[in-house]
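The values are calculated or read from the model by the stated rules, or taken from the named source; none is laboratory data. Small disclaimer: the values here were computed from a predicted structure and weren't measured. Because the Cβ atoms are built from the backbone with ideal geometry, glycine has one as well, and the counts that use them run over all protein chains shown.
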Amino acid sequence: MLQIEGLSKQFGGLAAVNQVDMSIQPGELLGLIGPNGAGKTTFFNLVTGFIHPTRGKVVFEGRNITARSPHHIAARGIVRTFQTDNIFMDFTVLDNVVLACHLKPGVSFWETVLRTPGGRRKERLILQRAKELLELVGMQNMADLTAGSLAHGHKRILGIAIALASDPKLLMLDEPLTGMNAVEVDETMGLITKLWQSGLAILLIEHNMRAAMSLCQRIVVLNFGRKIAEGSPDEIKVNPEVINAYLGAGEHAA
């Protein structure tokens with residue numbers, strides 16, 4: 001589904017991502033882990049077009065999408081979330097998702113503005129789709145709340161609902177559990193599992209190691225921008241190079 005070949009990014013003399021090879025299969029839940037500064041978010045930005053690689057190639061469903069625009073890549077079916085809340089705080093929860101649904105191809109700006117019969121029909125379908133997405137992520141009872149009033153965990157889940165509005169084939173989650181309490185972590189892990197079980201391919205960056213180990217089928221480990229390991233969670237837990245990387249950062253993967 002996604003094939004990464006020799007992906008690299010240099011900022012001056014620093015190789016933030018260095019010759020990384022990786023693949024993701026349809027319907028797979030793949031984890032991308034590593035100590036702080038390992039290059040994980042830079043890798044996400046390269047795949048999704050927010051920055052361009054120094055060298056290397058990104059191929060999605062047989063098409064070379066290297067250095068294409070984020071809009072083009074999202075239209076192909078790769079959608080990501082962000083570590084920071086990427087929502088409109090003054091809008092309601094429902095309006096945030098409705099707005100995201102309007103960004104899908106086939107929804108005409110002028111049909112919406114001029115209120116044509118076709119535009120009104122699409123508006124009804126969009127509203128229905130937004131409500132379905134909120135139900136999917138368990139936020140249907142919060143639809144009329146202002147997004148800025150939500151607890152941190154629910155803001156992160158709303159960000160996932162916004163990403164799902166584009167009907168992605170591959171959902172890339174950038175540390176979705178960051179800053180959550182134990183209840184929010186369990187809720188969000190349950191949502192990620194449900195999305196994966198529905199057939200959606202997921203690439204997950206996660207600093208919560210226990211969560212990553214329990215969620216992911218396969219894990220890739222970066223350190224100083226280089227891939228140092230790849231395998232099942234059980235294989236990664238006992239990999240000496242991974243253990244050394246985390247002990248050197250003051251952490252442990254187990």
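The table below gives the values:
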| quantity | calculated |
| --- | --- |
| Selected residue (only one of Gly31, Gly27, Gly49, Gly6 is under 13 Å from the mean Cα position of the chain (by Cα) and in the same structural domain as Asn208 (by TED's automatic domain parsing)) | Gly31 |
| Val97 vs. criteria assigned to a strand (DSSP E or B) and at pLDDT 85 or above | no |
| All positions within the range 78-94 that are modelled with pLDDT of 95 or more and more than 22 Å from Gly138 (Cβ to Cβ) | Ile78 |
| Any hit, the range 146-161, residues being assigned by TED's automatic domain parsing to the domain that holds Met22 and hydroxyl-bearing (Ser, Thr, Tyr) | no |
| Count - residues of the range 58-82 that are part of a strand (DSSP E or B) and either out of contact with any Leu (no Cβ under 9 Å at 6 or more places or on another chain) or exposed (fewer than 15 other Cβ atoms within 10 Å of the Cβ) (or both) | 2 |
| The range 1-26, residues that are within 15 Å of Phe60 (Cβ to Cβ) and either outside any strand (DSSP E or B) or out of contact with any strand residue (DSSP E or B) (no Cβ under 9 Å at 6 or more places or on another chain) (or both) | Met1, Gln25, Pro26 |
| Which listed residue is part of a helix (DSSP H, G or I) and within 22 Å of Met189 (Cβ to Cβ), from Arg121, Arg156 | Arg156 |
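Matching residues to (1) over 22 Å from Val17 (Cα atoms); (2) hydrophobic (A, V, I, L, M, F, W, C):
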| residue | (1), (2) |
| --- | --- |
| Pro168 | yes, no |
| Leu171 | no, yes |
| Met209 | no, yes |
| Leu215 | yes, yes |
| Val220 | no, yes |
| Ala245 | no, yes |
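A quick yes/no check of all residues on (1) touching a residue at least 60 places away in the same chain (Cβ under 8 Å); (2) charged (D, E, K, R):
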residue	(1), (2)
Glu187	no, yes
Gly190	no, no
Ala201	yes, no
Ser214	no, no
Ile219	yes, no
